[in-house]
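The values are calculated or read from the model by the stated rules, or taken from the named source; none is laboratory data. These numbers were taken from a predicted model, which means no experiment stands behind them. Positions of Cβ are generated from backbone atoms using ideal geometry, with glycine treated the same way; all protein chains shown enter the neighbour counts.
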């Protein structure tokens, strides 16, 4: 009886091992430009016609990636730090100093200097509802505070940036996988030729699989 119980206990463990081994073997490598990914065997590479880049899809049973490999690949949503450093938001601060009856273009907006930035406090939210940061600026002799609102695409995604094998890598993951995108932007640190690969309209389990696939990226 004791031996029978031991055998019954070991049977599920023994029977599970071949399944795990099979899942590990049932992967294939798909390469796009100089980058390779490990995907389940049901995924297939489908090339499409691009104007100035290599584009196409990687299709699985229920998940579809779109990819773009070239010098004009979409860099995906910036991190909050990248958005602040880019300073495109500064033009909004200059609008308050535009003179009535005077014509302006993008290159001739009133000039101002950013003196400092900080995260918004509760008091700031009462004054500027929804602002994530506050900048202190100067226009001539006038010192002023100005609210900074992050774009929705930043707030709707978790964004991480790192380097791997001398490559700049950005991973973007939608907080709501059904609405946003989950993808990767990767390029050599000293080159403009990049790969963008994304999937959208995912369930939570599909997003987990997409994230695992993207984590397998390697340089050929």
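Of all residues in segment 31-75, those satisfying the criterion of being touching a helix residue (DSSP H, G or I) at 6+ places or on another chain (Cβ under 9 Å), closer than 15 Å to residue 214 by Cβ and surrounded by fewer than 18 Cβ atoms within 10 Å (Cβ to Cβ) are 38, 40.
Taking the listed residues 160, 191, 131, the one that is within 14 Å of the chain's Cα centre (by Cα) and outside any helix (DSSP H, G or I) is 160, with no other qualifying.
Tell me, please, whether a residue that is crowded, with 17+ Cβ neighbours inside 10 Å, outside any strand (DSSP E or B) and at pLDDT 95 or above can be found in segment 107-125. Looking for residues that are crowded, with 17+ Cβ neighbours inside 10 Å, outside any strand (DSSP E or B) and at pLDDT 95 or above, one finds at least one in segment 107-125, hence yes. Number of residues in segment 61-72 that are closer than 13 Å to residue 51 by Cβ and in a loop (DSSP other than H, G, I, E, B): the value is 2. Comparison of 76, 84 shows that the only residue that is closer than 30 Å to residue 192 by Cβ, under 29 Å from the mean Cα position of the chain (by Cα) and assigned to a loop (DSSP other than H, G, I, E, B) is 76.
Restricting attention to segment 163-182, the residues that are assigned to a loop (DSSP other than H, G, I, E, B) and surrounded by fewer than 17 Cβ atoms within 10 Å (Cβ to Cβ) total 6. Checked against (1) surrounded by 16 or more Cβ atoms within 10 Å (Cβ to Cβ); (2) at pLDDT below 95, residue 141 passes all but a single condition, namely (1).
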